[in-house]
Amino acid sequence: MSPNEISLARYRRRAAGYDASAEFTMPLRLRTIALLALAPGDVVIDVGAGTGLSFAPLLAAVGERGRVLAFEHSPEMFEQATERIARAGWGERVHLQRARAEEVVLPQPADAVLFNYVHDISRIPAAVDNVMRQVKPGGRVAMAGMKFFPWWTGPLNLLAWAKNRPYNALAADLWRPWDHVQPWCEGFERRSTQFGMGYIAHGRRRR
Ligand SMILES: C[S@@+](CC[C@H](N)C(=O)[O-])C[C@H]1O[C@@H](n2cnc3c(N)ncnc32)[C@H](O)[C@@H]1O
């Protein structure tokens, strides 16, 4: 099976319980979104938006004139995101597409882009390239996700792998999960989170 097929199968099983399992990541999600320094009127891409847990904080930051451009490949996650938009009455303020990161074509260039826990996307160069081409030069980039502990911690990385595996097809590729996004950026800064098992990073798309 390809990484995409594995990912689709994983989220077919996980979609129903996803929001409950992601509850504890909300503070980190808000921290990552804050790094985008969004302003009223901005257009922001939510990469692999899942069930749409980032929509409310992104919309709060971009205001009534701003817009969230979101895409997601799993039908089950997409359906939940669609329901979230309808329940909240966000209408056109959130543009949601069911599409793969490798092929998605968004309706307008963006001022900022969020990669929140989308390891299977950020590890595919063609997917990263396609998304980053749709961000304006100078646009803000923020990402967060899991990574391995330093190599000398040895077996501890079994824990990182085991925690990542239920969600990601490319779960063993956790040494430098940001390194396809970083070359697109200037001023890229990164720090560890979760005692070394996570990272948060930000920069600006190169001009
Ligand atoms: C861990 S979830 C994160 C969802 C959301 N970003 C969040 O912060 O809650 C990863 C999401 O990426 C989606 N995904 C994985 N590979 C993808 C691809 N190639 N194109 C689009 N979506 C993808 C999965 O279906 C899943 O919904």
Distance in Å, no decimals, from the C-alpha centre of region 188-207 to the one of region 118-135 is 16 Å
Across all Cα atoms of region 20-132, Rg and the largest Cα-Cα distance (Dmax), in Å, are 12.9, 35
Once R0 is set to 35 Å, what does the formula 1/(1 + (r/R0)^6) return for the Cβ-Cβ distance between Asp129 and Leu156, expressed as a FRET efficiency to the nearest 0.05? 0.60
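Can you give me the relative contact order of the chain as a percent, contacts being Cα pairs under 8 Å and 6 or more apart? Write down the numbers at each step before the final one.
On the way: 387 pairs, mean separation 43.5, N = 207.
After rounding, I find 21 percent.
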Taking Asp129, Asp42 and ranking on accessible area (1.4 Å, protein atoms only), highest first, one gets Asp129, Asp42
Taking the chain as a Gaussian network, where each spring joins two C-alpha atoms under 10 Å apart, which residue of Phe149, Phe188, Phe24 fluctuates the most? Phe24
Mind checking which of Gly154, Gly138, Gly50 has the largest fluctuation in a GNM of the chain, springs on alpha carbons under 10 Å? Gly154
Which value, in debye to the nearest 20, gives the size of the charge dipole of the chain about its Cα centre, when Lys and Arg are +1 and Asp and Glu are -1 at the Cβ? 380 debye
From the mean inverse distance of alpha carbon pairs (Kirkwood) and the Cα radius of gyration, derive Rg over Rh for the chain. 0.94
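The values are calculated or read from the model by the stated rules, or taken from the named source; none is laboratory data. Model, not experiment: these values are computed from the prediction. Using ideal geometry, Cβ is built from the backbone for each residue, glycine included, and neighbour counts are taken over all protein chains shown. Surface areas here come from the heavy atoms of the whole protein model, side chains and all, with no ligands, DNA or RNA. Shrake-Rupley method; radii C 1.70, N 1.55, O 1.52, S 1.80 Å.
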